[in-house]
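J.: Dropping the structure in here first, questions after.
No value in this document is a laboratory result; all are computed from the given coordinates. Just so it is clear, the structure is predicted and the values come from calculations on it, not from any experiment. Every residue, glycine among them, receives a Cβ derived from its backbone with ideal geometry; neighbour counts consider all protein chains shown.
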C-alpha cells in the first residue's frame, strides 16, 4: 500500500508542467501588450468601436481608448499571474532537485 506521497521526480514533473503554464500565460501577456489597440485580432483606429457578442447578443462596446485600457489591464494581469506561477514552480523545481540529491546520497 502506498502512503499517497509523491516522489521527488513526480514533484519535479508537476513543477515543470506549471512552469510551462506560467510561461504560456506570460507569453499571452506579451502578445496582448504588443498590440494594445487590438480588437479580435484587428487593429483599431480612431473612431472604431470594439463590439463583443456572447450567445448572439451584444455584451460590450468600447471605443479605442477604452479598448487600449482594457488590453493594458489584461496584459498586466497575465504578467502578474504568469510571473507568480513561474516563481512558485521554480521554487518547486529547486526543492525537488534538492530532495532528489539528498536521496541519492
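J.: Summing -39500 (n - 2.57) over the DSSP H runs of n ≥ 4 in the chain and dividing by its residue number, what mean residue ellipticity at 222 nm do you reach, to the nearest 500 deg cm²/dmol?
T.: Rounded to the nearest 500, the figure is -23500 deg cm²/dmol.
J.: Sorting check: for 47-57, 31-41, which peptide has the highest mean count of neighbouring beta carbons within 10 Å, and how do the rest follow?
T.: 31-41, 47-57
J.: List the equivalent ellipsoid semi-axes of the chain in whole Å, largest first, each obtained as the square root of 5λ for an eigenvalue λ of the Cα gyration tensor.
T.: Each semi-axis is the square root of five times an eigenvalue, giving 43, 15, 8 Å.
J.: Over the chain, what relative contact order in percent results from Cα pairs under 8 Å that are six or more residues apart?
T.: On the way: 115 pairs, mean separation 42.8, N = 105.
Averaging sequence separation for qualifying contacts and normalising by length gives 41 percent for the chain.
J.: Given 0.36 nm per residue, what is the gain on full extension from residue 57 to residue 72 after removing their alpha carbon distance, in nm?
T.: 2.9 nm
J.: When the chain is fully extended, how far beyond the present Cα-Cα distance does residue 31 get from residue 9, taking 0.36 nm per residue of separation?
T.: Between residue 31 and residue 9, full extension yields 4.6 nm more.
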